[in-house]
Amino acid sequence: MKKTIILTVILLTAAMLVGQGKYFDTIFYSPALDKENMVRVYLPPGYAENHELYYPVIYYLHGLGGNHKSVTGLIHLTDSLIKHGVIEPCILVGADNSCEPFGGSKYMNSILWGNYEDFMTTDLIAWMDSSFRTIPERNGRALMGQSMGAYGSFRYGILHKDKYRALAAHAGPVDFFDPVFQETLHANVLKENQPGPPYFYDYENSGIWTQITFLGWGAFAPNFKSPQKYINPPIVEFPFDDKGIVIDTLIPKARKNNISDLIHRLTPADSVGILYGCGSQDFAMYYPMNVNFKSTLDNLALPYEFYDHEGGHSMPVGFMERGLIFLDSLVSKPYKPLIHSPDHK
């Protein structure tokens, strides 16, 4: 395959109309991943007619088990809100972050699956800005994410605050060290890998708690030569030993990727808009973690909005709508630049 950074839209399916806008699937070559990757792009009503108008972009980050198609529900709602004049026209894009060996990228670089953080924060932005009439600056970009994607939205909003104006994150693991989260995860991983001790932690033959633990540590501590003979596959540094005891020496590797720690890198002067939320029926430990996170934001004097609801882990329509309105209030409105670039389509 020719390795080129000339990024060209390749339509894979006919454009699908939604109200007055349209969306379609395409692939483009990512230098960070050294492969072509799938994206779903929504163009708002009037995009094809208003050739001099440039638009803000919302980058949607799907959860574990999802892919580029996971943005579809948000596309339909966005199109409806634009049609009824609730929000300004914008572009939406959802990129595929499903990958082997654990089903997702955690929106981080890893030797196990490739440089997905670079793909999302560099290659995808470059491709969007070169292929469509986007507002190619920080005030023209926002993030919205669900679960694993909520983690990614917070991560990118903090570590790449120069590229995004705001984020809307739902049901994210914002604090790996929240006591309820730790106890619940630990207990369920041991339960899924009986009999023990000694325990054998098997990704393929256990449940969701073990699988998300493998995913997390595939991002935090990947190791193709893992010395742990009690895990399968032996390609990570797993946080529990064969007696079921937490391995304290691994804690710093998770700590440096923990949103509740990373958030200290933000100040009010950074002007990163934050809307996040969680349902009270979400797994029994996600909700307390997200509620407690408000104290961290308050202590840092970071402006935010918390969307509290009675649902479960899935992103409700109410959060989607509030998120779109919130992001719309902060990003730049569509505009005609003083100098028109003929390279944009």
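Taking the numbered list (1) out of contact with any Pro (no Cβ under 8 Å at 6 or more places or on another chain); (2) closer than 18 Å to His313 by Cβ in turn, Gly279 passes all entries but (1).
A quick yes/no check of all residues on (1) surrounded by 21 or more Cβ atoms within 10 Å (Cβ to Cβ); (2) in the same structural domain as Phe319 (by TED's automatic domain parsing):
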| residue | (1), (2) |
| --- | --- |
| Phe154 | yes, yes |
| Ala171 | yes, yes |
| Leu185 | yes, no |
| Glu192 | no, no |
| Tyr199 | yes, no |
| Asp202 | no, no |
| Ser206 | no, no |
| Thr213 | yes, no |
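Of all residues in the range 34-65, those satisfying the criterion of being surrounded by fewer than 19 Cβ atoms within 10 Å (Cβ to Cβ) and either of a type in the set (Val, Ile, Thr) or under 16 Å from Leu124 (Cβ atoms) (or both) are Asp34, Lys35, Glu36, Met38. Looking at the range 278-291, can you tell me whether even one residue there is at pLDDT 95 or above and within 28 Å of Glu137 (Cβ to Cβ)? No, the range 278-291 contains no residue that is at pLDDT 95 or above and within 28 Å of Glu137 (Cβ to Cβ).
Applying the criterion of at least 1 residues that are free of Cβ contacts under 8 Å to residues at least 60 places away in the same chain and under 27 Å from Pro198 (Cα atoms) to the helices (runs of 4 or more DSSP H) found wholly in the range 215-300 leaves 251-255. Checking Tyr42, Tyr55, Tyr59 one by one, the residue that is in contact with a helix residue (DSSP H, G or I) (Cβ under 9 Å, 6 or more places away or on another chain), farther than 29 Å from Pro173 by Cα, in the same structural domain as His170 (by TED's automatic domain parsing) and hydroxyl-bearing (Ser, Thr, Tyr) is Tyr55 and no other.
Give Val57, Val71 a once-over and let me know the one that is aliphatic (A, V, I, L, M), under 21 Å from Arg138 (Cα atoms) and in contact with a strand residue (DSSP E or B) (Cβ under 7 Å, 6 or more places away or on another chain).
Details: Val71 fails: under 21 Å from Arg138 (Cα atoms).
Answer to the selection: Val57.
Considering the range 106-130, the residues that are of a type outside the set (A, V, I, L, M, F, W, C) and touching an Asp or Glu at 6+ places or on another chain (Cβ under 8 Å) include one that is surrounded by the fewest Cβ atoms within 10 Å (Cβ to Cβ), namely Asn109. Checked against (1) basic (Lys, Arg); (2) surrounded by 13 or more Cβ atoms within 10 Å (Cβ to Cβ); (3) out of contact with any helix residue (DSSP H, G or I) (no Cβ under 8 Å at 6 or more places or on another chain), Arg255 passes all but condition (3).
Being out of contact with any strand residue (DSSP E or B) (no Cβ under 9 Å at 6 or more places or on another chain) and buried (at least 19 other Cβ atoms within 10 Å of the Cβ) is the requirement here; does Asp162 meet it? Taking the combined requirement at face value, the residue does not satisfy it.
The values are calculated or read from the model by the stated rules, or taken from the named source; none is laboratory data. Every value quoted in this text rests on a predicted model; they were computed, and no experiment measured them. A quick note on method: Cβ atoms are made from the backbone with ideal geometry, for glycine too, and the neighbour counts reach across all protein chains shown.
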